[in-house]
Amino acid sequence: LHSCGFWRPKSLLDTARFTLSFNGLHRKKHQDSRALWKHEAVQKYLETLSKEYQQVSHLLNADSINDFEQRTLRRRCASLSPIAAAFQEIKEAEREVQDLEAMCRELDSRDEKQLLELALEEKETLDKKINTLCRKLFQLLLPKGKYDRSHVILEVTAGRTTGGDICQQFTKEMFEMYHNYADYKHWTFDIVNYVPAEIGGLHHATAHISGDDVYRHLKYEGGTHRVQRIPETGMSSRMQRIHTGTMSVIVLPQPEEVDVKVDPKDLRIDTFRSKGAGGQHVNKTDSAVRIVHLPTGLVVECQQERSQQINKEIALRTLRAKLYQQIIEKQLSQEQNARKLQLGTRAQSERIRTYNFTQDRVTDHRISYDARNIKEILNGKEALDKLINRLLEFAEIEAVTEYLENLQALEGGGC
C-alpha cells in the first residue's frame with residue numbers, strides 16, 4: 001500500500017527496484033532456459049517478484065483495505081502466484097540435486113555402486129524437471145502472444161532455379177511436411193488452392209490450418225527455405241552436380257473473427273477452370289475463382305471445391321485474412337522491431353533455413369542450429385516438432401532477455 005492509501009497496480013516490467021547488470025549476458029550464449037535462469041540478474045528479479053507475492057498475500061489478509069484495494073491486490077496476487085510457485089519449485093529441485101551430488105561424492109566403495117547408479121538416475125530426472133520448469137517460468141513472465149492461439153493461412157510458393165524442377169519438387173515436399181505436421185498436432189488442414197507443376201512438383205498452394213495454438217507453432221516458419229540436392233533425373237543427376245533452389249512460406253494468423261470490411265467495388269472477380277486434381281467435373285467447369293483487390297493489388301485464388309460460390313467465399317475469407325495481416329504487420333513492426341526472430345511474413349526475403357540433402361542436414365540460420373536426418377524432418381512429425389520447439393524456446397529466451405533489458409532501462413531512467 002502506498003502512502004496515498006491505495007495499491008498501485010504494476011506490470012511485471014516495473015515491479016522490481018534494483019539495478020540489473022547485463023554486461024556479461026550475451027544472448028547467443030543463452031540458447032536454453034536453464035542457462036538464463038542461472039544469471040545473477042534473473043535470480044535477483046525473480047527473488048523480488050517472490051517477495052512481492054508474499055507482501056501482497058499478507059496485505060490481502062489486512063482488515064484495513066477496502067473492496068477496490070482487495071480487487072486490485074487479488075489480480076496482482078493471481079499474476080504473481082504461478083511465477084512464485086515455479087520459482088520455489090525450481091529452488092527445491094536444485095536443493096535436491098545438491099543433496100544427491102553430496103551423497104554421490106561419499107559413495108566410493110564397490111558395495112555402494114548400485115546406490116550410486118540410482119542416485120545418478122534420480123539426478124538426471126531432476127535435471128530434466130528443472131529444465132522444464134525453467135522454460136515454464138519464463139513463459140509465465142512473458143505476456144501471451146496476441147495471435148498465438150489463432151488459426152492460420154499457410155502459403156507455399158516455388159522459387160526459381162537454373163534448370164530442373166528442384167524448386168517445384170521441394171515445394172511439394174514442404175507442403176506435404178506441413179500437412180503431416182498438422183496431422184501430428186491433431187489440427188485440421190484444409191487445402192484452399194493447389195497449383196501443381198507439370199512434372200510432378202508444386203508451383204503454389206494455400207491451406208487453412210485450424211486447431212490449438214497453430215500460429216504459435218508455425219509463426220517462425222515464414223520465410224525463404226533453401227534446398228541443396230542432386231536432381232534425381234537429367235544431366236545434373238548423372239554428373240552428380242548439386243543444384244540450389246528456394247521456396248517461400250507465408251504464415252498468416254487468422255483470428256476466428258476477422259473484422260475487415262471489403263468494398264465490392266474494390267474487387268475484380270475472375271473465374272477459370274481448375275488446373276489441379278479433382279475429377280472431370282472440376283476440370284471441365286469454370287468453378288475456380290480469382291479475386292484481385294484493386295487498391296492493394298492482392299490476389300487470391302481458390303479452386304478446390306466444385307461450387308464456384310463456395311470457392312468465392314473461401315477466397316474472400318483468405319483476402320480478408322491478408323488485409324488483416326497488413327494491420328498485424330504494422331503492429332508487430334512497432335512492438336518487436338528489435339527482435340532477432342521475426343514473426344509471420346516480416347522477413348520473407350531472408351533465408352531462414354537450408355535443407356542440404358547431400359549432407360543429410362537441416363540448418364536453421366537464425367539460431368545456428370543443425371539437425372540431422374532430413375527424411376525424418378520432412379516426415380512432419382517428432383523431428384520437425386523438436387526443431388520448431390527449439391525455435392520457440394530460443395525466441396522465448398530472446399524475449400525474456402529483451403524484457404529484462406527494458407526493465408534495466410526503466411530503472412536507469414528513474415521510472
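The values are calculated or read from the model by the stated rules, or taken from the named source; none is laboratory data. Remember, it's a predicted structure, so these values are computed and weren't measured experimentally. Please note: Cβ atoms are built from the backbone with ideal geometry, for glycine as well, and neighbour counts cover all protein chains shown. Heads up: the accessible areas ignore ligands, DNA and RNA and are worked out on the full protein's heavy atoms, side chains in. Shrake-Rupley method; radii C 1.70, N 1.55, O 1.52, S 1.80 Å.
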Residue list for segment 71-89, restricted to those being surrounded by 15 or more Cβ atoms within 10 Å (Cβ to Cβ) and more than 15 Å from residue 139 (Cα to Cα): 72, 73, 76, 77, 89
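Matching residues to (1) at pLDDT 85 or above; (2) within 24 Å of residue 398 (Cβ to Cβ); (3) not in a helix (DSSP H, G or I):
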{"site": "46", "(1), (2), (3)": "yes, yes, no"}
{"site": "63", "(1), (2), (3)": "no, no, yes"}
{"site": "71", "(1), (2), (3)": "yes, no, no"}
{"site": "79", "(1), (2), (3)": "yes, yes, no"}
{"site": "82", "(1), (2), (3)": "yes, yes, no"}
{"site": "88", "(1), (2), (3)": "yes, no, no"}
{"site": "93", "(1), (2), (3)": "yes, no, no"}
{"site": "96", "(1), (2), (3)": "yes, no, no"}
{"site": "105", "(1), (2), (3)": "no, no, no"}
Take segment 319-356 and flag every residue that is outside any loop (DSSP other than H, G, I, E, B) and either open to solvent by 70 Å² or more (accessible area, probe 1.4 Å) or at pLDDT 90 or above (or both). 320, 326, 327, 330, 334, 335, 351, 352, 353, 354, 355, 356
Does residue 194 qualify as being within 22 Å of residue 288 (Cα to Cα) and open to solvent by 40 Å² or more (accessible area, probe 1.4 Å)? yes
Residues satisfying the stated conditions in segment 160-181, i.e. open to solvent by less than 70 Å² (accessible area, probe 1.4 Å), assigned to a helix (DSSP H, G or I) and in contact (Cβ under 8 Å) with a residue 40 or more places away in the chain: 166, 167, 170, 171, 173, 174, 177, 178, 179, 180, 181
Does residue 52 satisfy the condition of being under 30 Å from residue 398 (Cβ atoms) and open to solvent by less than 80 Å² (accessible area, probe 1.4 Å)? yes
So how many residues does segment 197-207 have that are among the aliphatic types (A, V, I, L, M) and crowded, with 23+ Cβ neighbours inside 10 Å? 2
I'm trying to understand the selection: among the residues of segment 360-377, which are touching a strand residue (DSSP E or B) at 6+ places or on another chain (Cβ under 8 Å) and at pLDDT 90 or above? 360, 361, 362, 363, 364, 365, 369, 370, 371, 372, 374, 377
Considering 154, 137, 100, which residue is modelled with pLDDT under 90, aliphatic (A, V, I, L, M) and under 18 Å from the mean Cα position of the chain (by Cα)? 137
Starting from segment 121-141, keep only residues that are farther than 17 Å from residue 391 by Cα, then list their pairs with residues that are modelled with pLDDT of 90 or more and open to solvent by 60 Å² or more (accessible area, probe 1.4 Å) whose Cβ atoms are within a distance under 6 Å, requiring at least 6 positions of separation or different chains. 126/96; 133/89
Can you spot a residue in segment 144-152 that is among the hydrophobic types (A, V, I, L, M, F, W, C), touching a residue at least 60 places away in the same chain (Cβ under 8 Å), farther than 26 Å from residue 400 by Cα and open to solvent by less than 30 Å² (accessible area, probe 1.4 Å)? no
Scan segment 357-380 for residues that are among the aromatic types (Phe, Trp, Tyr) and open to solvent by 60 Å² or more (accessible area, probe 1.4 Å) and report the count. 1
